1. Among the residues in region 206-225, are any within 28 Å of ARG35 (Cα to Cα) and either of a type in the set (Gly, Ala, Ser) or outside any loop (DSSP other than H, G, I, E, B) (or both)?
2. Within the group ILE39, ILE64, which residue is closer than 18 Å to VAL154 by Cβ and under 14 Å from the mean Cα position of the chain (by Cα)?
3. Take region 1-45 and flag every residue that is farther than 29 Å from LEU215 by Cα, touching a residue at least 12 places away in the same chain (Cβ under 8 Å) and not in a helix (DSSP H, G or I).
4. Determine whether region 184-196 contains at least one residue that is surrounded by fewer than 19 Cβ atoms within 10 Å (Cβ to Cβ), of a type outside the set (Asp, Glu) and in contact with a Pro (Cβ under 8 Å, 6 or more places away or on another chain).
5. Exactly one of these conditions fails for ASP111: (1) in contact with a strand residue (DSSP E or B) (Cβ under 7 Å, 6 or more places away or on another chain); (2) at pLDDT below 95; (3) not basic (Lys, Arg). Give me its number.
6. Give me the residue from region 105-116 that is among the aliphatic types (A, V, I, L, M) and within 16 Å of ILE67 (Cβ to Cβ) and, out of that set, surrounded by the most Cβ atoms within 10 Å (Cβ to Cβ).
7. Show the residue pairs that are 6+ apart or on different chains and have beta-carbon atoms under 7 Å apart, the first residue being within region 46-69 and without any contact (Cβ under 8 Å) to a residue 40 or more places away in the chain, the second being assigned to a strand (DSSP E or B).
8. When you go through ARG19, ARG42, ARG102, ARG23 one by one, which is the residue that is at pLDDT 95 or above and open to solvent by 70 Å² or more (accessible area, probe 1.4 Å)?
Amino acid sequence: MAYPVRIHLPDLIYHILNRGNNRQVVFIEDKDYLRYLEILKRYKEKFQFKIFAYCLMTNHIHLILQISDKATISKIMQSITIAHTRYYHYTYHSSGHVWQGRFRSPLVSSDEYLLAAMRYVEQNPLRAGIVDDLKDYPYSSFIANTTQGQDDLVDKEANPAYLALGRTEEERNMSYLQIVSSSLEEDNLTEIRRILKGNDNYISDTFQQQINEKLALKKKRRVGRPSKIINA
């Protein structure tokens, strides 16, 4: 199956899915989850991307990131993956690939599609039967997105879909809690899973048109760039 061509533009939001190589376990002990989050925070500061949701499972991770102009999503994930792989090999005296060759990164538009994607990500432990209550799972963004106060990783106050949920942080927290506590509709669940396996993006028609216009403008600027003048 051909892999989709990644679109790289500042401020785009991506839903990242990466699995352990051959679906192997990559988080064995609590310290492994914590180290991955430390690595994520380090590169978040370096590349200035934002995190709207995340969930670390035993053999895969979900991240919803909004990139800046400091690095592409490919550069971001390459840096995170290399750093974690080094940690894993050092800790478990292993070698070879820890993560699968290519991660999934469909685009997500900053509207109801983003809220659905966040619900999908944070409800993973519940669907997997690991916990009965999402607040009992420590390695996701659920608690950060449903309680007041700032978090080192989650940028909820920069999240357009979250900000639209209320006028105050308390209102937004309560609204988001109600949304994420209810099971994702089956059609949305099926659609997100299909997109994560295929080549499509999880975006609205309006957002697709906006992306097309930005890409056309970017291409026009590149084609129309004047040639360098070389002095003899």
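1. no
2. The match here is ILE64.
3. Residues satisfying the conditions are ARG19, GLY20, GLN24, VAL25, VAL26, PHE27, ILE28.
4. Within region 184-196 (the criterion being surrounded by fewer than 19 Cβ atoms within 10 Å (Cβ to Cβ), of a type outside the set (Asp, Glu) and in contact with a Pro (Cβ under 8 Å, 6 or more places away or on another chain)), the answer is yes, since at least one residue qualifies.
5. Checking ASP111 against (1) in contact with a strand residue (DSSP E or B) (Cβ under 7 Å, 6 or more places away or on another chain); (2) at pLDDT below 95; (3) not basic (Lys, Arg), the one that fails is (1).
6. By that ranking, first place goes to VAL108.
7. PHE49/LEU65; PHE49/GLN66
8. Numbers: ARG19 fails: open to solvent by 70 Å² or more (accessible area, probe 1.4 Å); ARG102 fails: at pLDDT 95 or above; ARG23 fails: at pLDDT 95 or above.
Exactly one of ARG19, ARG42, ARG102, ARG23 is at pLDDT 95 or above and open to solvent by 70 Å² or more (accessible area, probe 1.4 Å), namely ARG42.
The values are calculated or read from the model by the stated rules, or taken from the named source; none is laboratory data. Just so it is clear, the model here is predicted, and its values are computed rather than measured. Glycine gets a Cβ as well: all are built from the backbone with ideal geometry, and neighbour counts include every protein chain shown. Side chains are part of the model used for accessible areas, which takes the heavy atoms of the whole protein and leaves out ligands, DNA and RNA. Shrake-Rupley method; radii C 1.70, N 1.55, O 1.52, S 1.80 Å.
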